[in-house]
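What follows is a set of notes on a single structure, which appears directly below.
What follows is calculated from the coordinates using simple rules that are stated; it is not laboratory data. Bear in mind that the values here come from a model prediction, so they are computed numbers and not experimental data. Cβ placement follows ideal geometry from the backbone for every residue including glycine, while neighbour counts extend to all protein chains displayed.
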Ligand code: MG
Ligand code: MG
């Protein structure tokens, strides 16, 4: 599989783009004409630069409004093409993209277009280059790859071929299977892009909202399966017009792009076992059985707040690490590790972000397979020196530079608590009925969300929910759920684009993205609420207005409302079940814990309650700062 990406997909000047594209491991690059024209170097210099970086120039684009023009525009179009072919020779690329004509002056007619292309093929041939024809979804007469293919077929010229672009085909709901009858050697290049399903003008949607395969909602896998069936063996080239990407980090976006192609071909390979699909061999997506632990980094002076919080929530101090300043708290299946070491990543993390949940441990079926898959998808492995007698638990870097450790039940790693910890019985502990971690909520800048959606979806067997907007008095937070069908892995990603939101404040105060809350499950929220109140925890105070509204909205009786309100429990229900939740006060720079109960098969997260929770947290924050 040869990979390529269009320069238009990422930010920076052409030099920066080429560096980032090479660093991410692409084989080639499509040069967008404007990137070349606005750069301070000649085409020959750019050619040398790409060669030094080991990048092939797969395509020069775009050439517009060519076919079907009346004279004198027709002759002028051919003159333009001759000039561009010369430039391509200097640049060192042999393929030009001609997109279907959008000019109101274009005459239409398949044979006329085919004749124009045949003549262009002759000129291209004498210049030693080829031209590929792409149907734009909004082309004046040609807006469907089937018509573009018919023109290429009738042009019948070795230097004229077809260019397929998943966006143009899928945006118009054209059946990808129609690609299967096109000869692979007449497809000169395949461009790939995904997009979120939004009902809007095609041109605007395409120019601003495309994203990497796997980040959006289009059936790009089906498209690519059809392409694979033709025997096409050329480069797979990302062409992503996206406002966020053009404003984002070129290095990070290029890495996402490479990951998206590797993941796409992994899916195609699995779906088409009879085709010789080229991809990187790797184990299938990883099933996560649950959260094995969450680890906090803190400091001797700040850990008291965290200890108190865990104590009042009914955790017992279950063990001390044999050689490190690390304590294990436990309640039923929940393991919380508190790390106050003065060296290593925990320390670095504390110094940068303050007290924070910087690592999670996931229980998988097979750690080896997990590491292999994550590695094949370009995840960054994490290693630090391990003390004698300690396990080396495999880990990768996740959101905000935090860690995701992997454990399984079949290797020695299953014994980590017994081997590394001096387990003890905590006689003072009074459990509050918390059973397991329901979800982990990660807060990030909005423009990182697609990166992490792709990261989780490509490595783990999880799905993504539609993005929902949560209203914060200071702005909007986009929230997206990543979970598996069995509910053993649930992550909520919250994207903030304003420092004035509660989530945005967390990102700026902690110098980056990270885990902002953990949700623990109980099977009796009322008993748990009473137990933690008895232990001295004052939950986040929810306004009386919330309960008045709840009563009106859902028709609960006064007794039920009182039971909720006196404990500051928020409530939601749907066709299949009920949901109860309350929150602890925040610690550090805005970290908090949620306690919840699901009854029936309620699979949501109480999104309707989030604005009330956020408003209450902001009130509490103001109360703290004025006290
Ligand atoms: Mg295209
Ligand atoms: Mg939550």
Grab the beta carbon distance between residue 535 and residue 332, set R0 = 25 Å, and tell me the FRET efficiency rounded to 0.05.
0.95
Antiparallel as a % of all DSSP beta bridges within segment 3-271, to the nearest 5?
5
Relative contact order for segment 524-610: what percent, with Cα pairs under 8 Å and sequence separation of 6 or more?
27
Across every pair of different alpha-carbon atoms, what Kirkwood hydrodynamic radius in Å does segment 434-626 reach?
17.2
In terms of the Cα gyration tensor, with a ≥ b ≥ c the square roots of its eigenvalues, is segment 322-454 rounded because a/c is under 1.5, prolate because a/b exceeds b/c, or oblate?
rounded
Residue-normalised 222 nm signal for the chain, counting each DSSP H run of n ≥ 4 as -39,500 (n - 2.57), nearest 500 deg cm²/dmol, is -10500 deg cm²/dmol
Spin-label model distance (nm) - residue 368 vs residue 601, 7 Å beyond Cα toward Cβ:
3.6
Residue 299 paired with residue 561, simple spin-label distance in nm, labels 7 Å along Cα-to-beta-carbon
4.7
Considering Cα pairs under 8 angstrom that are at least six residues apart, work out the relative contact order of the chain and quote it in whole percent.
9
If the chain between residue 574 and residue 83 were fully extended at 0.36 nm per residue, the gain over the current Cα-Cα distance would be 170.4 nm
Between residue 11 and residue 619, 0.36 nm times their residue separation minus their Cα-Cα distance comes to what?
214.9 nm
Rg and Dmax [Cα atoms of the chain; Å; Rg one decimal, Dmax integer]
28.3, 93
What is the distance, in nm, between label points placed 7 Å from the Cα along the Cα-to-Cβ direction at residue 118 and at residue 200?
4.3
Would you mind getting me the FRET efficiency between residue 548 and residue 485? Use the beta-carbon distance for r and R0 = 41 Å, nearest 0.05.
0.65
Mind checking the angle between helix 303-312 and the chain's longest principal axis? C-alpha axes, 0 to 90 degrees, to the nearest 10.
70
Taking only the alpha carbons of segment 3-271, what extent do you get along each of the three principal axes, in Å, biggest first?
47, 42, 34
Length gained when the stretch residue 380-residue 53 is fully extended (0.36 nm per residue, less Cα-Cα span)
115.5 nm
Using alpha carbons only, how many degrees (0 to 90, rounded to 10) separate the axis of helix 220-229 from the longest principal axis of the chain?
40
Specify whether the C-alpha gyration tensor of segment 428-513 places it in the rounded, prolate or oblate class, a ≥ b ≥ c being the square roots of the eigenvalues: rounded for a/c under 1.5, otherwise prolate if a/b is larger than b/c and oblate if not.
oblate
Compute the relative contact order of segment 3-271 as a whole-number percentage, counting only Cα pairs closer than 8 Å that sit 6 or more residues apart in sequence.
20
So for the chain: antiparallel DSSP bridges make up what percent, rounded to the nearest 5?
55
FRET efficiency (residue 186, residue 320; Cβ distance; R0 51 Å; to 0.05) is 0.15
